[in-house]
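In what follows, a structure is listed as structure tokens, so that the remarks can point back to it.
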Amino acid sequence: MAESNIKQPSSILIIGVTGRLGYELAAASLQASHPTFCLVRPSSLSDKDKAHKVQVLSDSGAVIIEGSLHDEESLFEAVKQVNVVICAVNSKQVLDQKPLISAIKKAGCIERFIPSEFGLDPDITDISGMDQGFYSRKSEIRRLVEAEGIPHTYVSCNFFMSYLLPSLVQPGLKAPPRDKVSIFGDGNVKGMFVGYPYSIVHFLFCITSGGGSCDSFTYKLVNLSHVLSLNNQNG
């Protein structure tokens with residue numbers, strides 16, 4: 001019998017499926033017919049909203065594996081069943097990916113690891129020491145992944161439109177200020193604003209599936225002066 005040239009869908013382990021991005025990633029993985037595995041902390045199942053998300057994914061065909069980033073044995077059991085791992089835990093848990101990296105190295109079957117990033121590139125971001133080590137922790141995970149020789153892709157989406165545009169890119173605010181706006185630099189440096197979470201999900205599955213088109217990936221490349229101009233026009 002002749003060998004088929006059709007590439008089989010990647011089997012994917014997603015960590016962080018009870019969060020907004022992780023849940024959408026798992027749903028998209030299932031929709032794309034990838035064998036989808038979800039690592040879920042037992043404590044999440046006692047939370048009504050999180051348990052509902054897990055049940056929806058399970059009913060859609062996902063394999064739910066109980067475990068956590070602090071339990072390397074459960075991580076290894078989950079990792080050895082797949083060839084792609086996507087981690088979508090929140091920023092406070094970035095360093096908790098270290099046991100996951102050890103499990104991936106031990107399993108030896110992972111063709112692509114996408115660690116939890118999805119924001120600004122930590123290796124080139126400099127915000128004058130105001131991040132309290134936020135970006136250095138992400139860089140630390142990058143260096144560990146590279147040192148272990150794990151095949152990987154870093155996804156840096158820059159700014160999320162839904163997080164920053166409502167406040168006119170004013171740190172700490174959720175709505176446009178009424179009295180004054182801080183302009184960083186001369187206001188002409190452009191930034192990429194990405195739709196969250198759907199543009200990120202679309203892009204991730206373009207690169208995960210291999211051969212998919214990313215032509216419709218949605219983003220806006222604008223500077224702060226232009227953002228303020230648009231706000232004044234609409235105000």
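The values are calculated or read from the model by the stated rules, or taken from the named source; none is laboratory data. None of the values given here were measured: they were computed from a predicted structure. Don't worry about glycine lacking a Cβ; one is built from the backbone with ideal geometry, like all the others, and counts go over all protein chains shown.
Here are some notes:
- Some residue of the stretch 86-105 being of a type in the set (Gly, Ala, Ser) and over 19 Å from the mean Cα position of the chain (by Cα): yes
- Unique match (being touching a Phe, Trp or Tyr at 6+ places or on another chain (Cβ under 7 Å) and modelled with pLDDT under 95) among Ala26, Ala32: Ala32
- Residues in the stretch 103-136 that are β-branched (Val, Ile, Thr), surrounded by 12 or more Cβ atoms within 10 Å (Cβ to Cβ) and in a loop (DSSP other than H, G, I, E, B) were compared, and the one that is modelled with the lowest pLDDT is Thr125.
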